[in-house]
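First the structure, in the form of structure tokens, and then the observations on it.
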Amino acid sequence: MKISKQDALTWFRFFAELPEDEDLLPRQQEIAWAVFSQIEEAVDERFRQLKAQIPGLKTIGGRTFFVGDERRFSAGCRSCLTGTGLSAVRKTNKCNLQCKFCYDYGVMDQLPPVGEGMWEIGGTKFRAEDIDLLLSIQQKPTGISYVYLEPFMEIEEYGPIIRRFHEAGVHQHMYTNGTLANEHNLSELGRAGLNELRFNLGASGCADGVIEAMRIAKRYIPFVGVETPMTPELYETFLRKKDAILSTGIDFINLAELHLNPNNIGNYWGENLYLCRRGYVSPVWSRELTLKLMKQADEEGWAPVVHDCSNHTKFARDLNLRAREGGWFGASSYGCEFDRLPYEAFLPILSDPDFEFLKEEPLPVGYRPGDLVL
């Protein structure tokens, strides 16, 4: 059903006005999925055009795209896409910043603690002394990542567990906004055996102090890079500070396609959004800006790898992980973070005169506005 943009707008206005407890009827569901498909196909075509403008575009088995020297491609990302990682290790439920793109925006004070002396791995609580038992029983992952939320809030707690996984030969990477990083704690992480440190430059607005911390980190930690959601603010600030950022000697720049959930979507109300494979909801401009920056990196020959960590990449990641876990053919945990899709959030893109569907056809009888749709 190649629904027209005008019919799509009419129906989505109707869906947006329905009570929250009223589900769409079967034919209405057909219409809704047809609209999301039309939007996604048009957005995907735009992405294809932008990728075609990057002569040096490379891929990891069709699972993700990047430009630059493949030897500098993050081993943590490779573990995520082709190995048995990403295994999340959780400890810290606090952060010293509040970013409007954060998945926990507005609910930071409601996040439960992992617990004193405890670490959460795979949803199970462990003490540091339990790691030997865990490694002796279960298959060793190709990589683990320290997430949730800002580990440098209590970075002194991380040394012993990093040391133990390092001794076991597990690749480890950590995320940080970088504002609390200094020579002492960075050197301690390096001595403990951390393989990779990723700075969220978007969180600090590419602060000069964080850029300097990246430079310091390269003295002690083998792989250092950027991982941050791509936003217009980041794009503008990154280009303004490009020379300083690239001079730090970082290995990679992972530009994540911003995806939205019920906590942060209000911060992007009115933007053109799309639904990717019935999963992540994202602003169209996020991946567009990433591909635009990758084109510049390719043309100028930047030293760091620049990685398109898109919704497509997340889709591939989950397919890989389920396959590694012995899941059935087609199994994946990739999905939508909204219990009920916010139809009203897609009215801006359907109202945008500059956004066009690739192909439109009249709705069949029974699906047209005014028909009784069951």
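Rule-based calculations on the coordinates, nothing more; no lab input. Just so it is clear, the structure is predicted and the values come from calculations on it, not from any experiment. With ideal geometry, Cβ positions are generated from the backbone for all residues, glycine too; neighbour counts draw on all protein chains shown.
Remarks
- Extreme residue, positive dipole direction of the chain, given options N185, G61, P364 (C-beta unit charges): G61
- Under the convention that each Lys and Arg Cβ holds +1 and each Asp and Glu Cβ holds -1, the size of the dipole of the chain around its Cα centre is about 1180 debye.
- Cross-link partners of K218 among lysines, defined as those whose alpha carbon lies under 29 angstrom from its own and excluding same-chain residues fewer than eight positions apart: K58, K91, K94, K100, K140, K241, K242, K292, K295, K314.
- Within region 212-290, percent of DSSP bridges classed antiparallel, to nearest 5: 45 percent
- When the Cα positions of L275, F223, I253 are compared along the charge dipole of region 222-297, L275 comes out farthest toward the positive end, with charges on each C-beta of Lys, Arg, Asp and Glu.
- Cα point-scatterer Debye curve for region 8-147, base-10 log of I(q)/I(0) at q = 0.17 Å⁻¹: -1.07
- Rounded to the nearest 0.05, the FRET efficiency derived from the C-beta distance between S247 and K2 at R0 = 35 Å is 0.10.
- Sequence-distant residues sharing a close amide H with N93 (under 5 Å, placed H): V114, L149
- Kirkwood radius for region 320-374, taken over all pairs of different Cα atoms as the inverse mean of 1/r, rounds to 15.8 Å.
- Whole-Å distance, taken between Cα centres, linking region 241-272 and region 301-360: 16 Å
- Based on C-alpha pairs under 8 angstrom that are at least 6 apart in sequence, region 101-188 has a relative contact order of 25 percent.
- With Cα atoms, 0 to 90° folded angle of helix 311-324 axis to the chain main axis: 70 degrees
- Charged side chains reduced to their Cβ positions (Lys and Arg at +1, Asp and Glu at -1) give region 123-230 a dipole of some 300 debye around its Cα centre.
- Cβ-based charge dipole, region 280-344, positive-most Cα from L289, T313, G327: G327
- Over region 1-74: Kirkwood hydrodynamic radius from C-alpha pairwise inverse distances, Å: 15.5 Å
- Here the spin labels are modelled as points 7 Å beyond Cα on the Cα-Cβ line, and at E167 and L239 they lie 5.0 nm apart.
- Compared with the dominant Cα axis of the chain, that is its longest principal axis, helix 208-220 is turned about 50°.
- Considering only the chain, percent of DSSP beta bridges that pair antiparallel, nearest 5: 35 percent
- Electrostatic dipole magnitude of region 117-184 [Cβ: Lys, Arg +1; Asp, Glu -1; Cα centre; debye, to 20]: 280 debye
- Three principal axis extents of region 129-240 based on alpha-carbon atoms, in descending order, are 49, 27, 22 Å.
- For the chain, averaging the sequence separation of C-alpha pairs within contact (under 8 Å, six or more residues apart) and dividing by the residue count gives a relative contact order of 25 percent.
- Estimated FRET transfer efficiency (K140, C336; beta-carbon r; R0 41 Å; 0.05): 0.80
- Computed over region 267-374, Cα set: Rg, Dmax in Å: 18.6, 60
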